[in-house]
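Written out below as structure tokens is the structure these notes cover.
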Amino acid sequence: MEFYQREGTTDQKVIDEVVKRNVYEHKKSGFLLKNSPIWLDLGGNIGTFACKASAAGCRVISYEPEPENYDYLCRNIERNGANATAVKAGVVAGESGTLDLYVCKGDYNKYRHTIFKKRGRQTITIDVHNFKKVLKEHKPNGIKLDIEGAEIDILDSMKPTDWPKCVNQVTFEYSFDIDPSIARFKRIVDNLKEHFDVVHHRKMDWTKEKYEYWPAAVMVYAWKSTS
């Protein structure tokens, strides 16, 4: 795989994390992209996940709301001949519509844009789609979320019975810098365990009130053992 990228930015870090270090797979446990024929990619960025999953034989629907990232996403899908469709929008727990996206300052950081208010950042208006409606539209088998805190409200909104039977795998980066509550994280994990056979993440001290470690993000992998 080869990627168009912006020199001197986080693009190289993203390529290293997704393509070289395979952060969205957990091979030791058997959590592999190839186990889900259709992936929903939330937080498409420049297309590393979309191209990686496509190379594993999957079809991908990739959502990315930030215009410049979306352009690179489309270009990299085309460059790698990926079996992927790009959608210029974000995905949220709430209603479809528009929201402000707080865009990172400076020329380096291209992947920490967020819908949560950040002092000193400029905003742009983006389209957003409701998560449950997106699930009904695309019927994915796997879901990847890396959307700078928006994953928390999405996952917290999902009751165990809300997960479609077709969804066999979910992987996400949980942003404790947006909400450090360990109790909320546990509630989300417990709900996931009602649908998925296995939920794997870094060991937690459930007696603590807040997550106070660095980095302030935890990778989580959930899957059905029969997938």
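Could you identify the single residue in D107, D127, D100 that is at pLDDT below 95, over 16 Å from W39 (Cα atoms) and either in contact with a Phe, Trp or Tyr (Cβ under 7 Å, 6 or more places away or on another chain) or acidic (D, E) (or both)?
Sole residue among the options that is at pLDDT below 95, over 16 Å from W39 (Cα atoms) and either in contact with a Phe, Trp or Tyr (Cβ under 7 Å, 6 or more places away or on another chain) or acidic (D, E) (or both): D107.
Does G149 satisfy being touching a residue at least 60 places away in the same chain (Cβ under 8 Å) and open to solvent by less than 30 Å² (accessible area, probe 1.4 Å)? Explain how you work it out, then say what you get.
Numbers: touching a residue at least 60 places away in the same chain (Cβ under 8 Å): no; open to solvent by less than 30 Å² (accessible area, probe 1.4 Å): yes.
It is false that G149 is touching a residue at least 60 places away in the same chain (Cβ under 8 Å) and open to solvent by less than 30 Å² (accessible area, probe 1.4 Å).
This table checks each residue for (1) small (G, A, S); (2) in contact (Cβ under 8 Å) with a residue 40 or more places away in the chain.
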{"site": "Q169", "(1), (2)": "no, yes"}
{"site": "S181", "(1), (2)": "yes, no"}
{"site": "V198", "(1), (2)": "no, yes"}
{"site": "K203", "(1), (2)": "no, no"}
{"site": "Y211", "(1), (2)": "no, no"}
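From the list E66, E2, E17, E25, exactly one residue is open to solvent by 50 Å² or more (accessible area, probe 1.4 Å) and at pLDDT 95 or above. Which is it?
Working: E66 fails: open to solvent by 50 Å² or more (accessible area, probe 1.4 Å); E17 fails: open to solvent by 50 Å² or more (accessible area, probe 1.4 Å); E25 fails: open to solvent by 50 Å² or more (accessible area, probe 1.4 Å).
Answer to the check: E2.
Could you tell me whether V220 is among the β-branched types (V, I, T) and either surrounded by fewer than 19 Cβ atoms within 10 Å (Cβ to Cβ) or out of contact with any helix residue (DSSP H, G or I) (no Cβ under 8 Å at 6 or more places or on another chain) (or both)? Break it down stepwise before answering.
Numbers: among the β-branched types (V, I, T): yes; either surrounded by fewer than 19 Cβ atoms within 10 Å (Cβ to Cβ) or out of contact with any helix residue (DSSP H, G or I) (no Cβ under 8 Å at 6 or more places or on another chain) (or both): no.
The answer is no for V220.
Mind checking which pairs have a first residue in the stretch 42-66 that is free of Cβ contacts under 8 Å to residues at least 40 places away in the same chain and a second that is open to solvent by less than 20 Å² (accessible area, probe 1.4 Å) and charged (D, E, K, R), Cβ under 7 Å, 6 or more apart or different chains?
Going by the 7 Å Cβ cut-off, the qualifying pairs are A50/D41; V60/D41; S62/D41.
Considering the stretch 107-139 alone, what residues qualify as being over 24 Å from S157 (Cβ atoms), among the charged types (D, E, K, R) and either over 17 Å from the mean Cα position of the chain (by Cα) or surrounded by fewer than 18 Cβ atoms within 10 Å (Cβ to Cβ) (or both)?
Residues satisfying the conditions are D107, R119, R121.
For P164, indicate whether it is under 23 Å from G94 (Cα atoms) and either surrounded by fewer than 20 Cβ atoms within 10 Å (Cβ to Cβ) or small (G, A, S) (or both).
When the stated conditions are applied, P164 passes them.
The values are calculated or read from the model by the stated rules, or taken from the named source; none is laboratory data. Owing to the predicted nature of the structure, the values given are computational and were not obtained by experimental measurement. Backbone-built Cβ (ideal geometry, glycine too); neighbour counts: all protein chains shown. Surface accessibility is based on the protein's heavy atoms, side chains included, excluding ligands, DNA and RNA. Shrake-Rupley method; radii C 1.70, N 1.55, O 1.52, S 1.80 Å.
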